[in-house]
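Peer 1: The structure follows.
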Amino acid sequence: MNEFDDIIGYDATKEELVRIADTLKNAERYRKFGVTSPCGLILYGRPGTGKTLMANCLIKASGRPAFTCRRTESDNSFIDKMKAVFEEAEQNVPSIVLLDDMDKFANSDFQHRDAAEFVAAQSCIDNMRGTEVFVLATANENIKNLPGSLLRPGRFDRQICVETPKGEDAARIIAGYLANKPFAEDLDPELIASMLAGHSCATLETVVNEAGIIAAYSKSDRITTEHMIEASMRAVFHVPAECLYETDVVDLSSRSMKSIVVWHEAGHAVMQELLVPGSVALVSAKSKSAKRNHSGFTVRNWREADDLLRAGIDEVLVGLSGRAAVDVVFGISDTGADDDIKRAFQTLSSLLGKSCADGFWLHSPTCGFFDEEDGYDDAEGIKQRRQMVASHMLEHYYGKAKRTLLRNRALLERLAAALAEKSYLTSKDIAQLKQGVSLETPDYL
């Protein structure tokens, strides 16, 4: 069995780890070329992405003994402990020192880059130079807050970002967690993965386990897609239990809050499907908050944008389409769309300012800086102009969203009716609802 078989997916990362392990295990072969193994490796990324698992697999593949240092003390004794770990590793060469959660050794922010713990780690690493001690570290995603001197080549020659699994990787991980559990033949890991794109491996494992609990409690023989969706609602989207099991019939002709939620989410889903077909992973009329029981949610598939400007405008149109749907159907303002409007405004402001999508007249590279001749740049004036233009553009795209939903009202009504009946729709449900319906996509800009 390969030491890296415990890692599901992450093929490119595994290949890199295999190469490093080979330099550690077969050092003599590399010495013939006058080279040595990398001075050190740091694996960084969001919590729960499997960094420590990868580090342990590398250690096993190298065949070297490992000595682990992680912070458990809250006093100054930690520095002495770290020095002792490096000394023990030096006495047992060739060996590995694992600095697990290195960013937790001290407060890792811009004000604490010279923390004694980081200085000590840097000194210990330097003392190992010329020995056969390989330094392996893990850290959470923001390693920019760690001292640059600690992370530089010569101390850590390799830095590997362990990202959250997406697409095929996420599906393979879910399938791996399901492998030793009874599950229905029609359970599609790719469908579930599309709903949970961007979430950590630990989250995926929790969802699978929660689905098993739900299945066992309901006296089912197998874990089904419905169990997985309910588990996702609970563990990831934090839908309260009272909303999960609510069975009230929604009257779509009424202006009740529940009816408005259904139309609102249907509006988001329709616009997203028109702009990027097949990209809606899950749309739900269930609340994500016990306090705001009128708020549903729509989850999109993760897809890398080819055109950042177009992606930004698409985001604005999708964000405004919840309010637009309620306006189209009832002719009233949706008071639950505040967050959508705010995000759309921020996206437009960013496109106008940082990306200069409307020209350079709203951009100032020296904004807020002092110039001896001109004094302070008119940062506030630029901000006000940018907000004014963004407000006008918001009106423009809101009108476009309304016109698009009116031209595609047949699909809007189909999705709303299905959502009112089932309370959630998956990408497969939406694909079926789109069949036989004539669709008209919005014009760009």
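Peer 1: For the chain, what is Rg from Cα atoms divided by 2.2 N^0.38 Å, rounded to two decimals?
Peer 2: Numbers: Rg = 26.9 Å, N = 445, 2.2 N^0.38 = 22.3 Å.
Relative to the rule-of-thumb radius for its length, the chain sits at 1.20.
Peer 1: For the stretch 53-68, in order, what is each residue's ³J(HN,Hα) by Karplus, 6.51 cos²θ - 1.76 cosθ + 1.60 with θ = phi - 60°, in whole Hz (x at glycine and Pro)?
Peer 2: Computed from phi, the couplings for the stretch 53-68 are 4, 4, 4, 5, 5, 4, 4, 4, 5, 6, x, 9, x, 10, 10, 9 Hz.
Peer 1: Also: What does the highest-first list of 406-418, 385-397, 72-84 look like by mean Cβ count within 10 Å?
Peer 2: In decreasing order of mean packing, 406-418, 385-397, 72-84 become 406-418, 385-397, 72-84.
Peer 1: Still on this structure, I have one more. Given a 1.4 angstrom probe, I'd like the percentage of the accessible area of the chain that is carbon and sulfur, rounded to a whole number. Could the numbers behind the result be given before it?
Peer 2: Working: 11110 of 22730 Å².
The nonpolar share, carbon plus sulfur, comes to 49 percent.
Peer 1: While we're looking at this one, here's another question. Under 5 Å between amide H atoms, partner at least 5 residues away or on a different chain: which partners does R300 have, H built in plane at 1.01 Å?
Peer 2: Long-range HN contacts for R300: A281.
Peer 1: Right, here's the next one. Give me the orientation-averaged projected area of the Cα convex hull of the stretch 207-356, in nm², one decimal.
Peer 2: With every direction weighted equally, the projected area is 10.7 nm².
Peer 1: Please list 3J(HN,Hα) in residue order for the stretch 235-250, calculated via the Karplus relation 6.51 cos²θ - 1.76 cosθ + 1.60 where θ = phi - 60°; whole Hz, with x for glycine and proline.
Peer 2: Whole-Hz 3J(HN,Hα) from phi for the stretch 235-250: 7, 9, 9, 6, 6, x, 4, 5, 7, 4, 9, 5, 10, 4, 7, 8.
Peer 1: Just subtract the alpha-carbon distance of V18 and N180 from 0.36 nm times their residue separation and send over the number in nm, one decimal.
Peer 2: Taking 0.36 nm per residue and subtracting the Cα distance, the gain is 55.6 nm.
Peer 1: May I ask for the distance between the Cα centers of the stretch 118-182 and the stretch 36-78, given as a whole number of Å?
Peer 2: 7
Peer 1: Using label points projected 7 Å from each Cα along Cα→Cβ, tell me how many nm separate D126 and A216, to one decimal.
Peer 2: Using points 7 Å along Cα→Cβ, the separation is 5.4 nm.
Peer 1: Starting from one equal scatterer on each C-alpha and no solvent at all, send me the Debye-based log10 I(q)/I(0) for the stretch 18-127 at q = 0.14, 0.17 Å⁻¹, two decimals.
Peer 2: At q = 0.14, 0.17 Å⁻¹ the computed log10 ratios are -0.63, -0.91.
Peer 1: Hey, what did the chain get for relative contact order, percent, Cα under 8 Å, at least 6 apart?
Peer 2: Taking the mean separation of contacting Cα pairs over the length of the chain, I get 13 percent.
Peer 1: Please state, rounded to one decimal and in Å, the Kirkwood hydrodynamic radius that the stretch 206-283 gives when every pair of distinct Cα atoms enters the mean of 1/r. Mind dumping the intermediate values first?
Peer 2: On the way: mean 1/r = 0.0688 Å⁻¹.
Answer for the stretch 206-283: a Kirkwood hydrodynamic radius of 14.5 Å.
Peer 1: Then there is this: Taking every pair of alpha-carbon atoms in the stretch 38-103, what share in percent sits in each 10 Å bin, from 0 to the bin with the longest distance?
Peer 2: Distribution as computed: 19, 49, 30, 2 percent.
Peer 1: Return one number: the angle in degrees, 0 to 90 and rounded to the nearest 10, between the long axis of the Cα atoms of helix 379-407 and the longest principal axis of the Cα atoms of the chain.
Peer 2: Tilt of helix 379-407: around 60 degrees.
Peer 1: Turning to a different aspect of this structure: Tell me, what is the per residue accessible area of the chain in Å², probe radius 1.4 Å? Intermediate results must be reported in sequence, preceding the final value.
Peer 2: On the way: 22730 Å² over 445 residues.
Here the residues of the chain average 51 Å² of exposed surface.
Peer 1: Between M388 and D101, what length in nm is gained on full extension when 0.36 nm per residue of separation is reduced by their alpha carbon distance?
Peer 2: Stretched fully, the M388-D101 segment lengthens by 98.7 nm.
Peer 1: Starting with the highest mean, order 155-168, 93-106, 210-223 by the number of other Cβ atoms within 10 Å, averaged over the residues of each peptide. Each step should come with its number before you reach the end.
Peer 2: Numbers: 155-168: 17.9, 93-106: 21.2, 210-223: 15.9.
Put in order of decreasing packing, that is 93-106, 155-168, 210-223.
Peer 1: What list of ³J(HN,Hα) couplings, whole Hz, do you get for the stretch 332-337 from phi and the Karplus terms 6.51, -1.76, 1.60, once you set θ to phi - 60° and write x for glycine and proline?
Peer 2: 10, 7, 8, 6, x, 9
Peer 1: For the chain, give me the percentage of DSSP beta bridges that are antiparallel, rounded to the nearest 5 percent.
Peer 2: Close to 30 percent.
Peer 1: Mean shadow of the stretch 73-162, computed from the convex hull of its alpha carbons, in nm²? Before the final figure, lay out each step's value.
Peer 2: On the way: hull surface 22.5 nm².
The number I arrive at for the stretch 73-162 is 5.6 nm².
Peer 1: Here is a follow-up. As an exercise, find the ratio Rg/Rh for the stretch 79-237 from alpha-carbon atoms, using the Kirkwood inverse-distance average for Rh. Write down the numbers at each step before the final one.
Peer 2: Numbers: Rg = 21.5 Å, Rh = 18.6 Å.
Result: Rg/Rh = 1.16.
The values are calculated or read from the model by the stated rules, or taken from the named source; none is laboratory data. Predicted model, so just to flag it, every value in this text is computed and none were measured. When we count neighbours, we look across all protein chains shown, and the Cβ atoms used for this are built from the backbone with ideal geometry, even at glycine. With ligands, DNA and RNA removed, areas are computed over all heavy atoms of the protein, side chains included. Shrake-Rupley method; radii C 1.70, N 1.55, O 1.52, S 1.80 Å.
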